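> A single structure is presented below for examination.
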Amino acid sequence: MSPAVSSPPRIIRIASRKSQLALVQTYWVQEQLQKHFPDRTFEVHTMSTQGDKILDVALAKIGDKGLFTKELELGMINQETDFAVHSLKDLPTRLPEGLVLGCVTERENPADALVVHEKFKDKQLETLPEGAVVGTSSLRRLAQLRHRFPYLTFKDIRGNLNTRLAKLDAGEFDAIILAVAGLQRLGMSDRIHQVIPSEISLHAVGQGALGIECRADDTEILSLIKVLEHTPTAQRCYAERAFLRELEGGCQVPIGVNTVIEGEQLTLTGVVASLDGQKLVKDSITGNATDAEQLGTQLAHTLREQGASEILAQIFAEVGR
């Protein structure tokens with residue numbers, strides 16, 4: 001009898017958006033997995049999402065469910081790709097049937113950053129003059145900053161990170177708000193003028209972390225990607241995502257969070273704000289980090305009792321949910 005010939009390991013197909021930041025993040029995941037599994041082949045497959053294609057409409061008016069993920073998820077469901085790398089803040093808290101969040105990577109700084117035009121290089125967010133034009137595409141940032149700085153003028157800004165920076169430098173805006181993590185990953189830390197304190201603006205759910213999504217029944221992929229899991233980050237993000245899910249908020253609802261782990265204790269702070277910044281409810285909860293999702297759900301119930309339900313109902317009506 002001739003000896004049995006083993007088949008070569010399957011080629012692992014990674015789904016990614018085409019944006020520069022998405023590719024930097026996906027290539028990092030590819031590189032890390034290649035180091036852990038040198039006998040495997042990992043291929044990156046790129047595609048454009050609805051959020052990438054519609055750049056002349058505010059995100060909140062397009063819709064808030066899977067704006068940057070649906071096409072990648074369809075590829076996995078159709079067996080065209082094996083897993084997708086997302087900025088975790090873009091991944092809805094309720095996933096399509098058959099897909100799971102299989103891994104959460106170690107988080108970069110999740111805070112927001114102020115980037116200013118040259119003429120305001122001596123200013124901070126707190127010292128920008130009345131009427132200064134600040135660009136952001138995030139209702140979360142908009143609502144919290146309006147609450148704190150009602151004298152500033154806020155305008156929607158779309159496009160990838162380089163496009164937004166070009167609009168700022170051309171004088172269309174006096175300042176813009178971006179994620180610290182995105183600027184760091186693209187080697188643009190020098191553009192960070194101020195890291196905005198959490199006392200002013202709580203960050204987005206999952207911001208700064210990468211989420212790797214795959215088919216729930218693909219045990220091989222789940223086993224491979226778990227080597228990149230960072231447990232403290234995962235616990236923080238699971239608490240944040242449970243909080244958001246319980247409030248039924250999408251990525252374009254003014255819901256902000258902050259999480260800290262000290263020893264075995266996790267503290268989650270959450271905020272819900274009205275679009276005009278006039279109403280804002282905020283509270284915190286502390287408990288064992290292993291009960292992360294329960295903590296998130298419990299804090300959501302607390303904020304609902306404090307008025308978050310009424311604020312969200314008004315927002316959903318305004319954005320045409």
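> Can you pull out the residues in segment 220-250 that are part of a loop (DSSP other than H, G, I, E, B) and under 29 Å from residue 33 (Cα atoms)? Spell out the reasoning first.
Looking only at segment 220-250, we keep the residues that are part of a loop (DSSP other than H, G, I, E, B), and these are 229-230, 247-250.
Within segment 220-250, 229, 230 meet the criteria.
> On the given criteria, is residue 214 over 17 Å from the mean Cα position of the chain (by Cα) and hydrophobic (A, V, I, L, M, F, W, C)? Break it down stepwise before answering.
Numbers: over 17 Å from the mean Cα position of the chain (by Cα): yes; hydrophobic (A, V, I, L, M, F, W, C): yes.
Against the criterion (over 17 Å from the mean Cα position of the chain (by Cα) and hydrophobic (A, V, I, L, M, F, W, C)), residue 214 qualifies.
> Yes or no: segment 56-67 includes at least one residue that is buried (at least 18 other Cβ atoms within 10 Å of the Cβ) and either at pLDDT 65 or above or among the β-branched types (Val, Ile, Thr) (or both).
Within segment 56-67, none of the residues are buried (at least 18 other Cβ atoms within 10 Å of the Cβ) and either at pLDDT 65 or above or among the β-branched types (Val, Ile, Thr) (or both).
> List the residue pairs whose Cβ atoms are under 9 Å apart, where the first residue sits in segment 276-288 and is in contact (Cβ under 8 Å) with a residue 12 or more places away in the chain and under 21 Å from residue 153 (Cβ atoms), the second is surrounded by 13 or more Cβ atoms within 10 Å (Cβ to Cβ) and among the β-branched types (Val, Ile, Thr), and the two are 6 or more positions apart or on different chains.
279/272; 279/311; 280/271; 280/272; 280/311
> Could you grab me the full set of residues in segment 133-172 that are hydrophobic (A, V, I, L, M, F, W, C) and farther than 22 Å from residue 254 by Cα?
Within segment 133-172, 165, 166, 168, 170 meet the criteria.
Per-residue answers, yes or no, for (1) in contact with a Ser or Thr (Cβ under 9 Å, 6 or more places away or on another chain); (2) closer than 30 Å to residue 100 by Cα:
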{"residue": "152", "(1), (2)": "no, no"}
{"residue": "166", "(1), (2)": "no, no"}
{"residue": "175", "(1), (2)": "no, no"}
{"residue": "182", "(1), (2)": "yes, yes"}
{"residue": "217", "(1), (2)": "no, yes"}
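> Quick test of your reading of the structure: residue 219 fulfils all but one of (1) out of contact with any helix residue (DSSP H, G or I) (no Cβ under 9 Å at 6 or more places or on another chain); (2) open to solvent by less than 20 Å² (accessible area, probe 1.4 Å). Name the failing condition by number.
Among (1) out of contact with any helix residue (DSSP H, G or I) (no Cβ under 9 Å at 6 or more places or on another chain); (2) open to solvent by less than 20 Å² (accessible area, probe 1.4 Å), residue 219 violates only (2).
> Report every pair of residues separated by at least 6 positions or lying on different chains whose Cβ atoms are under 6 Å apart, first residue within segment 180-204 and under 8 Å from residue 111 (Cβ atoms) and touching a residue at least 40 places away in the same chain (Cβ under 8 Å), second surrounded by fewer than 18 Cβ atoms within 10 Å (Cβ to Cβ) and of a type in the set (Phe, Trp, Tyr).
none
> If I filter segment 84-105 for residues that are among the basic types (Lys, Arg), in contact with a Leu (Cβ under 6 Å, 6 or more places away or on another chain) and on the phi < 0 side of the Ramachandran plot, do I get at least one hit? Quick ask: steps written out before the conclusion?
Filtering segment 84-105 for residues among the basic types (Lys, Arg) gives 89, 94.
Remaining after also requiring in contact with a Leu (Cβ under 6 Å, 6 or more places away or on another chain): none.
No, the conditions are met nowhere in segment 84-105.
> Here's another thing I want to ask about it. Check off (1) assigned to a strand (DSSP E or B); (2) under 17 Å from residue 33 (Cα atoms); (3) open to solvent by 30 Å² or more (accessible area, probe 1.4 Å); (4) not aromatic (Phe, Trp, Tyr) for residue 100 and give me the number that stays unchecked.
(2)
> Starting from segment 75-95, take each residue that is within 16 Å of residue 222 (Cα to Cα) and list its partners that are open to solvent by 20 Å² or more (accessible area, probe 1.4 Å) and among the small types (Gly, Ala, Ser), counting only C-beta distances under 8 angstrom and pairs at least six apart or across chains.
Here the result reads 77/98, each pair linking segment 75-95 to a residue that is open to solvent by 20 Å² or more (accessible area, probe 1.4 Å) and among the small types (Gly, Ala, Ser).
> Can I ask one more? Here are some conditions: (1) modelled with pLDDT of 95 or more; (2) open to solvent by 20 Å² or more (accessible area, probe 1.4 Å); (3) farther than 26 Å from residue 157 by Cβ. Residue 108 meets all but one. Which one does it not meet?
Residue 108 satisfies all of (1) modelled with pLDDT of 95 or more; (2) open to solvent by 20 Å² or more (accessible area, probe 1.4 Å); (3) farther than 26 Å from residue 157 by Cβ except (3).
> I need the strands (runs of 3 or more DSSP E) fully contained in segment 127-216, keeping only those with at least 1 residues that are aliphatic (A, V, I, L, M), in contact with a Leu (Cβ under 9 Å, 6 or more places away or on another chain) and surrounded by 17 or more Cβ atoms within 10 Å (Cβ to Cβ). Please lay out each step first, then the result.
Working: elements: 133-135, 153-155, 175-179, 210-215.
In segment 127-216, the matching strands (runs of 3 or more DSSP E) lie at 133-135, 175-179, 210-215.
> Still on this model: For residue 51, only one of the following conditions fails: (1) at pLDDT 60 or above; (2) under 30 Å from residue 312 (Cβ atoms); (3) outside any loop (DSSP other than H, G, I, E, B). What is its number?
(1)
The values are calculated or read from the model by the stated rules, or taken from the named source; none is laboratory data. Only a predicted model underlies this, so the values are computations on that prediction, with no experimental measurement involved. Reconstructed Cβ throughout: ideal geometry from the backbone, glycine too, with neighbour counts over all protein chains shown. Accessible surface areas use protein heavy atoms only, side chains included; no ligands, DNA or RNA. Shrake-Rupley method; radii C 1.70, N 1.55, O 1.52, S 1.80 Å.
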